[in-house]
Structure formats: C-alpha cells, structure tokens
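Single-structure report; data block below.
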Amino acid sequence: MSRTQHNTNNFRRQLVFLSLISVILLATLFIGVSTAQSKEYIPPTYEYTTNYYRGYGMPDIHASVVGDTHFDRGEKANVNVILSNRGILHGFKSVTDVEDDKAEQALAMKELEYETKRTIAYGIKTSLVSPTDYIEIDSSTNGQTLEKLVPGDLPSRPMTFTIEISDNAPAGDYILFLPVSYEYQEDVRMTGGKTIQLGLPDMDHATYYNNSNTTLQIPIHIEKAAKFQVVNVDGDLVAGEESLIEVTYRNVGELTAEGALARVVIMDPLSTGSSTELLGTLEPGEEHTVSFNVNSDVMAVVKEYAIDSEIRYMDEDGEYAFSDNMKINVPMQSSDEWIGITQISLLLTFLITIYLVVDSIRKKKK
C-alpha cells in the first residue's frame, strides 16, 4: 500500500470514528441509557479482555432543597432534598488500532456505546448530618438510597429528612452536611467471548466500577423571634394566706415583643384572683417585673410549687404569638396560725384519750 493510500485510509477511519461518536452522544441525550450490567460476578482480569477506547467523564452529584428552608425555634420539620447528576461525557481516546478488520471495528464501536454510560451514578447512599447540637436529625429518616442517577434525569420524589430544632437555637444560617457515596463505570473492555472459558456469564464486555464519595451542603435558616425567660422570682407562699409573688421576665430573643401579657396557670391547692398581668413592650434584652397575688389553702403541703407561665405578644407581622411554657418555682412555708391549730388539736386529742382511759378504768372498778 502506498503512503497516500495509507493516509487516505487513516483519514476515513478518523472521519467514521468522529461520526459514530456524534451519533452515540445524541442517542444518549435523547433516548437515554440502559441499566448497568449485573454485578453478581467479579469481572475477568484485563488479560482476558481488549480495550479499544478510554472514556473521559464521571458523575457530578448536586443537591437542592425543595420547599422552604426557613424554620422556627422548637420546630420539627421535614427537609426535602433532590439529588441531580450533572456529569458530562468529555470524549474518548482510541487505545487499540483496529485498522481494516471489520470484526474488530464492530467490537470497538460496541465498546464505544458502553463507554457512554460512565457518567451514570449507581447505588447512591446518603444521610443527613448536623454539625451542631441545636439541630437534631431523626435517625429513622436517614440512610436513604437511589438505585441510579442518570445525567439530566431527576428522581420521581425527593429524599425526606426530619429535623428538630432546639428551643435555644440562636437565629441565623446553618449548614447541614449530606455525605453521598456511589459507584460509577470506570472502564469497559470487550471480552471476545472469553468469559465462558472462565465460568462466567457469556457477556460481550466486562465493566469495572469505581467507588466515589462526596459531601454536599444543605443550607437552612432559623428565623429571628422574641423569646422569653423567667430570670427572677421574689416572694414565698404561706399556707392559708394570700402572698405577693413578683416575677421578672426577660426577652432573650432577637425581635421586639409588643403588648406582652404574662399569664399564670394556677391549680389546687393554689388560686389567684387575676391570672394575667401586662408587661408592655419588651425590646431584645429588656426585662419587666409583674406581681401576682396567690392564695394558698390552709392544708397545702409545705414544698416548692412550680407554677406554669406563658406570654402572649404581638409579633413583627402584627399577629398574636405565644411563648413556650415557663416555670415559676415558689417555696411554700407553714403559717404560725396553722402551727397553733395543730398543737391545739393534738392536745385535745391527748386529753380526750386520757379521759376515755380513766373513765374505762373507773367503770371496771364499779
């Protein structure tokens, strides 16, 4: 063969090669790809295979959140995550010259078709991780999986993770982490029918997979709000008497509370004539003190009582909002009057007992 004919043949092979690549790429984009071959057996070693092309490209996994990512303190909510694959097939490089052998050319073109699947991610496993104690992930919603993720396709439904936000979480932006592991097709080689000799299924190609790991970020935001604490309680309860209890509330949140109204919930053996007191407007960091008159039953047990308390206020949207329940811990004391009554009762009981005993003895003597 002359040099001119050889160059012409090389040019024709390159032209055919480029044309076939274009056709295969278009078919991949518009028709889709088939599922991965079975991995129930170990692929043969390279010496039993022939590699015609080396492909370039791999999966590129991304995550996005569906729905609102703004949450309130104390909220238990779902975070819906959609995974997508933006993997790009960059091209191929010929590594085995088939020259004019039509059988070899057919095998090479078949391998080229298999190589287009290298950007598909298989066996995706993921879980959501919180780097802060303020946000907990419900373990029952972790360990989510996808069979595969093809570039350009989206899962039929999102992965749903349940989170619980602490009542004490500071407002602001937080980042949750989403570790993702998967496999992808690292190499494809043609077997030429040699797999049967090795006791393997009759496959015309062998696929070799690589493991890959990536960690994605899921941003969420905890909203600013007014938040209250009982910072001081002054006064004691006295059994059988009315006591004045002074309670100091502080706004430890980030927003102003307008028209704040403190309310106590009092149960037997305690009672009150008025269960609400006006606090007014509390700026962040500001505290106000209100007083409650609390009556104690004369038979009340001497111990510390925990009175439930909450605050109703107007939020930044002009709507009523309620604080979390806060405990007002107040000790109970015995009254001097109750001590006197008790002593008199015991003395009377003793005298009656002595009288009955003496009277019984007198009757026996008669």
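The values are calculated or read from the model by the stated rules, or taken from the named source; none is laboratory data. Bear in mind that the values here come from a model prediction, so they are computed numbers and not experimental data. Heads up, the Cβs are rebuilt from the backbone with ideal geometry, glycines too, and the neighbour counts pull from every protein chain shown.
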Top-ranked residue in the range 293-307 [being surrounded by 13 or more Cβ atoms within 10 Å (Cβ to Cβ) and within 42 Å of the chain's Cα centre (by Cα); ranked as nearest to MET332 (Cα to Cα)]: TYR305
Residue check for ILE218: more than 30 Å from ASN51 (Cβ to Cβ), assigned by TED's automatic domain parsing to the domain that holds LYS117, hydrophobic (A, V, I, L, M, F, W, C) and in contact (Cβ under 8 Å) with a residue 60 or more places away in the chain: yes
Qualifying position, being surrounded by fewer than 18 Cβ atoms within 10 Å (Cβ to Cβ), over 30 Å from SER166 (Cα atoms) and modelled with pLDDT under 95, among ASP68, ASP101: ASP101
Search result, residues across the range 98-112 that are closer than 13 Å to ALA206 by Cα and not aliphatic (A, V, I, L, M): LYS110, GLU111
Test: ILE175 is aliphatic (A, V, I, L, M), in contact with a strand residue (DSSP E or B) (Cβ under 9 Å, 6 or more places away or on another chain), in contact (Cβ under 8 Å) with a residue 40 or more places away in the chain and surrounded by 13 or more Cβ atoms within 10 Å (Cβ to Cβ): no
Inter-residue pairs, beta-carbon under 6 Å, first within 27 Å of GLY152 (Cα to Cα) and in the range 88-108, second of a type in the set (Lys, Arg) and not in a loop (DSSP other than H, G, I, E, B), 6+ apart: LYS93/ARG54
Search result, residues across the range 178-187 that are at pLDDT 95 or above and either surrounded by fewer than 18 Cβ atoms within 10 Å (Cβ to Cβ) or more than 21 Å from GLU115 (Cα to Cα) (or both): LEU178, PRO179, VAL180, SER181
Residue in the range 110-123 that is exposed (fewer than 14 other Cβ atoms within 10 Å of the Cβ), within 26 Å of TYR209 (Cα to Cα) and assigned by TED's automatic domain parsing to the domain that holds ASP204 present: no
